[in-house]
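Participant: For reference, the structure I am asking about is given below.
The values are calculated or read from the model by the stated rules, or taken from the named source; none is laboratory data. This structure is a prediction, so every number in the text was calculated from the model and none was measured. Positions of Cβ are generated from backbone atoms using ideal geometry, with glycine treated the same way; all protein chains shown enter the neighbour counts. Areas reflect the complete protein model, heavy atoms only, side chains present, ligands, DNA and RNA absent. Shrake-Rupley method; radii C 1.70, N 1.55, O 1.52, S 1.80 Å.
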Amino acid sequence: MGCLVNTTFSHGLKAGLSIAIGYFPVALTFGLLAKTTGLSIMEATAMSLFVYAGAAQYMALSLLATGVAPWLIVTNTFIVNIRHFLMTAALSEKVEPAPKWKKAIYAFGITDETFSVLATQQNRQITTAFAFGVALIAYSSWVIFTAVGHVIGANLPQFLQQAMSVALYAMFIGLLVPSMKGNRKVVLLAAIAAAIHCVLYYTHLLSTGWSILVATLASAIFVEILYVKSNKNVERFTEQKEEN
Amino acid sequence: MGSTYWWMLLGMAIATYVPRMIPLTILDGKELPPIVSGVLRNIPYAVLGALIFPAILHIQDDILFGIIGAVTAFALAFIGLDVMFVVIGTIATLAVYSLF
């Protein structure tokens, strides 16, 4: 569409609203789990305020609960969030030119979800104002509902608290499955990493933190080598065919 | 939790922000070797697999709880529901399950 849609700050707020709604149960559950892990409301809200990364924050909670060393939690945070590197690299080709400090600010707001909304915009360029709008509404929801979750969490009925413990994993599955459809590489990547992590987990060979790190890198590297090799074989095969 | 917690938080904040910020500012325009960007491209899917299993099976003592949650979430995502509805639908299903 050639018309100037989704360019202003308020367009961004509107486009980010679905993320804000989606963050509600996940942030609420995070606040609740943070409380049961023993974090104060300050500590829990500060994590959402300064780190702002759903998967890494949940992982930090479970690692804190099992007494994993803090430096290992930081290392894991880095490994889990290195994927944002690719997302912002992809985005940097699509955003309008702007001063670096402005880019450095909205870069903080890039998550799996805001990336998806920004990257799927029909516009040829993403305006800085639009990116700020999407990032701000999603971020606000995440921080506010973390605090709300910490406050009201314990007052939720027990059966609901139990049910909400699945929220993060359901979100992971909801993000993974659409990419798995018709893509054997994605299925392979997830399945191999899951299998390696299961083996390491049940044999107690490594702690959870290291295990996720090793399983992820091993799967990502193994599958990449597999595909580079098979692509070369295909190339060789087609070359032979052309020679014949 | 004490001051260790706040140092950890600072570390987490830096570890999260740096990968977000570098491509948009410093690496703007430069290209990575294909094998490196290939491996990086794979990481989201691999890490999701490792994060989901086996952790989802052990969210409650009752392993059936996790299995029902996993099956429900996969089914809801497979029929094409938005992430948000996958989350809400799975929570609702497990809420019903834990009531009985």
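Participant: Need one value for A:54-63: mean number of C-beta atoms belonging to other chains within 10 Å of its residues' C-beta atoms. Intermediate values should be presented prior to the final figure.
Facilitator: Working: counts 0, 3, 3, 2, 2, 3, 3, 0, 1, 1.
Partner-chain Cβ atoms within 10 Å, mean over residues of A:54-63: 2.
Participant: With solvent modelled as a 1.4 Å probe, how much accessible area in total do chains B and A shield from it at their shared surface, in Å² to the nearest 100? Kindly include the intermediate steps, with their values, before the conclusion.
Facilitator: On the way: alone 8350 and 14490 Å², together 16180 Å².
In total, this chain pair buries about 6700 Å².
Participant: Enter the mean number of other protein chain beta carbons within 10 Å of the beta carbon of each residue in A:212-222, as an integer. Each step should come with its number before you reach the end.
Facilitator: Working: counts 6, 2, 1, 6, 10, 6, 2, 7, 10, 6, 3.
Counting Cβ atoms of other protein chains within 10 Å of each residue's Cβ and averaging gives 5.
Participant: Report, in degrees rounded to the nearest 10, the 0 to 90 angle that the Cα long axis of helix B:83-99 makes with the longest principal axis of chain B.
Facilitator: 30
Participant: Is the stretch A:6-70 rounded, prolate or oblate when judged by the Cα gyration tensor, a ≥ b ≥ c being the square roots of its eigenvalues, rounded requiring a/c under 1.5 and prolate requiring a/b larger than b/c?
Facilitator: Verdict is prolate for the stretch A:6-70.
Participant: Over 23 Å between Cα atoms, which of A:Lys94/A:Lys181; A:Lys94/A:Lys232; A:Lys14/A:Lys103 qualify? Provide the component values of the computation, followed by the final result.
Facilitator: Numbers: A:Lys94/A:Lys181 26 Å; A:Lys94/A:Lys232 31 Å; A:Lys14/A:Lys103 21 Å.
Over 23 Å Cα-Cα: A:Lys94/A:Lys181; A:Lys94/A:Lys232.
Participant: At 1.4 Å probe size, with every protein chain present, just tell me what the per residue accessible area of chain A comes to in Å².
Facilitator: Details: 11310 Å² over 244 residues.
Here the residues of chain A average 46 Å² of exposed surface.
Participant: Something else: For A:Val95, list long-range residues whose amide hydrogen, built 1.01 Å from N in the peptide plane, is under 5 Å from its own amide hydrogen.
Facilitator: Those qualifying (amide H under 5 Å, at least 5 residues apart or on another chain) are A:Ile126.
Participant: I would also like to ask the following. Please report the carbon-and-sulfur percent of the accessible area for the protein assembly as shown; probe 1.4 Å, protein heavy atoms only, DNA, RNA and ligands left out.
Facilitator: Reported share for carbon and sulfur atoms: 69 percent.
Participant: Show A:Arg124, A:Arg184, B:Arg20 ordered by accessible area, largest first, where the area counts protein heavy atoms only and the probe is 1.4 Å. Mind showing how you got there, number by number?
Facilitator: Values: A:Arg124 220, A:Arg184 185, B:Arg20 0 Å².
Ranked from most to least accessible, the order is A:Arg124, A:Arg184, B:Arg20.
Participant: For A:90-100, what's the mean count of beta carbons from other chains sitting within 10 Å of each residue's beta carbon? Walk me through the intermediate numbers first.
Facilitator: On the way: counts 2, 3, 8, 3, 0, 2, 0, 1, 1, 1, 5.
The shielding value for this peptide is 2.
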